[in-house]
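FYI, it's all coordinate maths here, none of it is from the lab. Everything quoted here is computed from the prediction, not taken from an experiment. Every residue, glycine among them, receives a Cβ derived from its backbone with ideal geometry; neighbour counts consider all protein chains shown.
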Amino acid sequence: MSNDQLISQEIAAIEVSEKLATGVIHIHIREHGRSASAQRSQEAALEEAIGLALSINLDIKHSQAIQLNRISPSTLMGSGNVESLAAMIRSFDIKLMIIDGILSSIQQRNLERAWKCKVIDRTGLILEIFGERAQTAEGSLQVELAALKHQRSRLVRSWTHLERQRGGFGFTGGPGERQLELDRRMIDNRIIKIEKELESTKRMRGLHRKARERNQMPVVALVGYTNAGKSTLFNRLTHADVFVKDLLFATLDPTMRVCKLPGGREVIFSDTVGFISNLPTQLIAAFRATLEEVCTADVILHIHDCAHPDKEVQTQDVLTVLKELGIEEGQKDAPLMIQVFNKVDLLDEDDRDILFNQLNRQPHSMAISAETGEGVPPLLSLIHQRLMEQGQIVEIELPSHEGEILAWCYRKGVILSRSDKEQTIYLTLRLDKGELKKFIEYKKGRVASPSTLIL
């Protein structure tokens with residue numbers, strides 16, 4: 001059996017009939033008398049960790065937040081917490097403990113010995129979710145690459161064998177299952193092979209991108225915190241059937257669909273994986289090729305869950321990831337941004353009034369409900385308007401009897417001024433470069449100057 005087959009067997013998803021009894025612990029580290037994660041409430045952070053665990057059908061028997069004054073190098077938390085949690089683990093017969101934080105390989109090994117159960121950290125949990133959700137070949141390769149890099153760092157001290165029991169990448173596997181030894185050389189060879197395959201995919205994406213540029217079809221990318229409603233909005237805009245469920249990371253594989261804006265112009269909407277706080281660096285690196293669609297988009301829709309109690313912190317988490325991708329609003333050549341505040345149907349009347357008053361003072365913002373469709377038509381008009389901001393200002397002279405062309409100008413462009421003299425109409429308008437190019441080619445208009453068309 002080849003090395004690739006051994007690795008693919010080890011990482012293969014195998015479902016079990018019963019849920020895995022699980023405990024979830026969120027860790028808050030205090031620094032200089034204040035919590036390092038003070039912006040995000042402990043309750044909301046713990047709730048998010050529980051949501052991540054529930055998204056892969058784990059059976060949560062116990063959950064709690066623990067605040068630490070300092071980190072123990074050997075077990076992350078002090079001996080008192082380790083012992084009290086060990087008693088809880090025995091009482092609930094827990095098989096898996098999830099630490100919502102980052103564990104070193106030594107800490108993971110020592111906690112597993114103390115608690116006599118499997119222990120994974122936040123990175124391992126997110127990798128497990130991604131391993132179960134990936135549907136396309138590219139998505140599977142990206143997740144496998146991130147998982148292998150994570151495993152590679154833990155082979156020497158923590159793991160001599162990788163176990164498998166259920167879906168994902170074996171992080172939640174238990175003792176007694178079939179084990180296959182994976183050494184560093186085998187993992188390195190597999191990583192090299194996957195990176196070559198992803199590089200080939202990246203080149204193909206580049207060719208597709210160039211084809212879209214030739215066709216002058218702009219791309220509108222949807223980004224936002226996980227479970228903010230991106231896929232629901234994507235389905236409503238494009239009449240697609242992307243998987244939608246009230247789960248964290250319900251969407252993993254990117255999807256692209258064509259949609260017509262109010263003016264009749266076609267654009268491509270791109271649905272992307274949701275962002276999350278403390279997203280593992282391995283995943284950002286592995287999904288960089290996919291996220292390039294965001295980097296090269298003409299417009300980015302930043303979807304906010306306006307009904308979430310930690311919406312401000314979620315916004316900062318998304319902006320942090322975008323910054324890591326090299327995207328900052330207002331930066332030269334950065335995509336245009338539209339702030340979309342979703343789930344207004346979940347707000348009470350007072351909160352709705354507050355939100356709408358705030359948006360009245362914020363340009364390029366829109367409140368919507370992707371679930372009910374409220375605010376979606378104005379959002380499409382705003383997208384059209386933002387795309388027009390990238391257009392070119394031109395002056396057009398046309399005979400007054402050319403009503404069809406005049407109507408087209410009003411429909412496709414933004415009229416800045418109009419003057420009617422005798423049998424000629426003089427228009428100054430902002431027109432998208434792609435539409436302008438198509439129009440010139442179709443009508444065979446004569447360019448009198450770089451910014452003037454005589455038809």
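Along Cα→Cβ, 7 Å out, is where each label goes; now give me the distance between the ones at residue 266 and residue 185 in nm to one decimal.
5.3
Any number yet on Rg/Rh for the stretch 301-388, C-alpha, Kirkwood? Don't jump to the answer; show the numbers that get you there.
Working: Rg = 13.5 Å, Rh = 13.9 Å.
Checking Rg against Rh, the ratio lands at 0.97.
Using 0.36 nm per residue of separation minus the Cα-Cα distance, give me the extension gain between residue 424 and residue 400 in nm, one decimal.
Values: separation 24, 0.36 × 24 = 8.64 nm, distance 0.51 nm.
Length gained between residue 424 and residue 400: 8.1 nm.
Going through the stretch 56-110, which trypsin sites (Lys or Arg not before Pro) have at most 14 other Cβ atoms within 10 Å and a DSSP loop state?
Values: sites: 61, 70, 90, 95, 109; in loops: 70, 95.
Listed in order of number, the matching sites are 70.
Residue 113 to residue 91: extension gain in nm, 0.36 nm per residue of separation minus the Cα-Cα distance? If you can, show how the numbers build up before the last one.
On the way: separation 22, 0.36 × 22 = 7.92 nm, distance 1.70 nm.
6.2 nm is the gain from fully extending residue 113 to residue 91.
Determine which residues of the stretch 306-350 fall in the zone a paramagnetic label at residue 29 would reach in this model, i.e. backbone nitrogen under 20 Å from the point 7 Å along Cα→Cβ.
The answer is 317, 320-321.
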